[in-house]
Amino acid sequence: MASGWLQKAQSAVFGRREEPPQPYVVTCECGMTYSGIRATKPQKTACSRCGNDLFIFPACPYPLPASVEIGLRGGDLIPSTPKPAGKSAAEKPAAGKKGAKAAAAAISDAVSPKATKAARALVEPKVSMAEWVRSAFTPLRIVMIALAATVGGTIAIAVRNARIESARREVEPAIDRGLKAYASHDYASASEELAIAVTALDRLGRTDVAAQQVRQRAKEAHAAAGLLTSPFADALAEILNEKSEEALSSRVERRLAGQWLFLDAPLLATANLESRSTNPQLAVDSALIVGKLACQLQFSSHPGKGWPQPKAEPSPQRAIFAAQLETIRVGGGGPQVDAVIVLRSSTAVLWTSAEGYAGLIPPPTDEEERKQWQAVLDEQRTALESSSVSER
């Protein structure tokens, strides 16, 4: 038989073992039930009541599942002595169509789902959870699972090491190219190269001062590369003068949302009336006059550490920063404010680089004013560095 090689292999590895007998239960169409032990070859017999041929499959030549084998050895599946199921409807006298219908109904009942379920319940063993665990987690399967986990872990470590090595190779050249482009005021190239450097630093897990400075330059280069090309007041005035039924906020968002503004202005940090301790409000302490509208610039929320914090007696604090426009709200800014221009706080960037500032706006020519300008940049750099150290 085709299974001979399997039996020989089992005998060589696990020793000679005898398979338990495999029972069968067969129900004839007339309702007579027969049971016995399966042979190695197919069996064919005739029903003693109606004479119909009954076919019995041979015993399975392959190793049985452990759960089935346990039931066979325990005697749960050994069939009992065959018993007639009683006289069927086919044996009762029937005349004409009524007799045929009665016989068909009797045969249908004999092969109904209930009868099939009862026969299946006789064959299926009851296995405890402990026995199922022992049969499912065999020594061979445990070894295969451990081997697969080892191979997977090795591949993951190899991929991680390859990424780290790639990051080490590309981080320094990317930083050099990015800082050179930044110094030459090519902010588009600087943003692209420094973004590569920041990704490499993140892979390496670098949080030192030098890495934080590269991240800061990357933010400044990204903001400088996306600055609004025309004066903001002129662009806003053009939108206000449009004759359109579209809401003003929708028009501003459609044309200006995401555009970067570079500002050197006093910031006023005051606590929000709803939650003074956790939600301070940060606004530009000066109005922007656009046509007949007095507009105030205000952040959507406080940008976080390094920015002016609320005080008991708030006072304006000069800041040099870049922020993206988010939307505009008509009214709601106070008695002397007609509209509030909302700046996106999640991407706002405090400026720290003098050379980056010089590439956007000519530095002051007055010596005293130049010192004040440089002092603002130094204070902002110190505030950002100290906040980064506290986070670590």
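Rule-based calculations on the coordinates, nothing more; no lab input. Predicted, not measured: the structure shown is a model, and the values here were computed from it.
Of the listed pairs 180/371; 219/243; 219/371, which have alpha-carbon separations greater than 30 Å here?
Numbers: 180/371 25 Å; 219/243 37 Å; 219/371 24 Å.
Too far apart for the 30 Å limit: 219/243.
Between residue 286 and 297, the built amide H atoms are under 5 Å apart, and every one of these is 5 or more places off in sequence or on another chain.
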